[in-house]
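Presented below is the structure to which this report refers.
The values are calculated or read from the model by the stated rules, or taken from the named source; none is laboratory data. Since we're looking at a predicted model, the values are computed, not measured. When we count neighbours, we look across all protein chains shown, and the Cβ atoms used for this are built from the backbone with ideal geometry, even at glycine.
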Amino acid sequence: MLGALEGFGVIGCIILAGFLLGRSGVLGSQGQQVLANTVFFVGTPALMFTTIASTPVSQVFTPALFATAGSALLMAVVMFVFTRARGRSLGEATVAGWSVSYVNIGNLGIPIATYVLGSLNAIPPVLLFQIIVLAPIGFAILDATRTVGAEWWRPIIRVFTNPILIGSVAGLIASVTGFKLPAVLADPIAMLGATSVPLTLMAFGISLKDGWTLPQPGTRTQLTAMTFLKLVVHPFVAWLIGGPLLGYSGGDLLAIVVTSALPTAQNVYINALKYRQSEVVTRDVVFITTLLSIPAVVLVAVLLA
């Protein structure tokens, strides 16, 4: 459990560095957007390629994936419908769906899996499901909303020219075929990928430079619903599917529920910035779920360990 708390501490330190950069103004008024664009167009595509290319397909498509994928998709659909019912746009509903289904598996998932679960086997299925399924669906909707009224083929082109999707598909092809890049190419791609997580956290820290205040009444209901679905309903549904329905128990069930109880990924905030959709409420849900996920993960570990 100490290792999991250390994972939260590492993330907090990098966010603090971003906060201090934002307060100092050394990056200028567009610093956050520059970092977000760097992550979106360079860091994350490189990270997706190296991660997927080095992950055997056999580690991804396991029976436990049904519980993880089923609970995440259900949460995304529920939040999407709820947001649309409140009169919000397709883009806002898409980001809201990501906020309750796209977990921080890359940053917090690794230390928590190491020290709480004792194995990293639960990481690749969740990570790749998010990259291969959740991300493309969301990007398809967001890109389509940006080309309303254009020729029918333009939204399709926008989806397939998304840099994160390109990196993910290239990595999947490399994993399936066993293709290995020469070191002269693989090493710089890996180095670029290593910038994704810290730059994402720093961009998030910059967003907090003016402090954090309670959300306005108009967004308070939305934020409360997102937080409740992410930290309470999501892990409960994952337990329901993984335990009573699929028959998992012990460490396997613990892995399913713990990974579902992780907070909203900072990548969702980067995507919100990129597409100019619900930036403030997305920042808030990342911030709140990250804080509250500490007792949530501890409680799950105590109940199921």
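Tabulated data for the structure shown
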{"item": "Residue selected from the stretch 129-153 under the condition of a type in the set (D, E, K, R) and farther than 23 Å from residue 75 by Cα, by the criterion modelled with the highest pLDDT", "result": "146"}
{"item": "Unique match (being under 21 Å from residue 100 (Cβ atoms), loosely packed, with under 15 Cβ neighbours inside 10 Å, touching a residue at least 24 places away in the same chain (Cβ under 8 Å) and out of contact with any strand residue (DSSP E or B) (no Cβ under 6 Å at 6 or more places or on another chain)) among 268, 280", "result": "280"}
{"item": "Close pairs (9 angstrom Cβ cut-off, 6 or more residues apart or separate chains): closer than 17 Å to residue 206 by Cβ and surrounded by fewer than 16 Cβ atoms within 10 Å (Cβ to Cβ) in the stretch 283-295, at pLDDT 90 or above and hydrophobic (A, V, I, L, M, F, W, C) anywhere", "result": "none"}
{"item": "Condition met for residue 126 (surrounded by 16 or more Cβ atoms within 10 Å (Cβ to Cβ) and either at pLDDT 85 or above or over 22 Å from the mean Cα position of the chain (by Cα) (or both))", "result": "yes"}
{"item": "Matching residues in the stretch 171-207 - criterion: being of a type in the set (Gly, Ala, Ser) and either touching a strand residue (DSSP E or B) at 6+ places or on another chain (Cβ under 6 Å) or crowded, with 17+ Cβ neighbours inside 10 Å (or both)", "result": "171, 174, 175, 190, 193, 196, 203, 205, 207"}
{"item": "Residue 262 being part of a loop (DSSP other than H, G, I, E, B), touching a residue at least 12 places away in the same chain (Cβ under 8 Å) and farther than 21 Å from residue 43 by Cα", "result": "yes"}
{"item": "Residue list for the stretch 265-305, restricted to those being outside any helix (DSSP H, G or I) and either farther than 28 Å from residue 93 by Cβ or polar (S, T, N, Q) (or both)", "result": "277, 278, 305"}
{"item": "Lone qualifier among 116, 81 - being closer than 22 Å to residue 241 by Cβ, without any contact (Cβ under 8 Å) to a residue 24 or more places away in the chain and part of a helix (DSSP H, G or I)", "result": "81"}
{"item": "Flag for residue 253 being of a type in the set (A, V, I, L, M), farther than 29 Å from residue 142 by Cα and more than 12 Å from the chain's Cα centre (by Cα)", "result": "yes"}
{"item": "Check on residue 89, surrounded by fewer than 23 Cβ atoms within 10 Å (Cβ to Cβ) and without any contact (Cβ under 8 Å) to a residue 12 or more places away in the chain", "result": "no"}
{"item": "Residue identified as in contact with a Phe, Trp or Tyr (Cβ under 7 Å, 6 or more places away or on another chain) and either over 29 Å from residue 30 (Cα atoms) or modelled with pLDDT of 95 or more (or both) among 156, 189", "result": "189"}
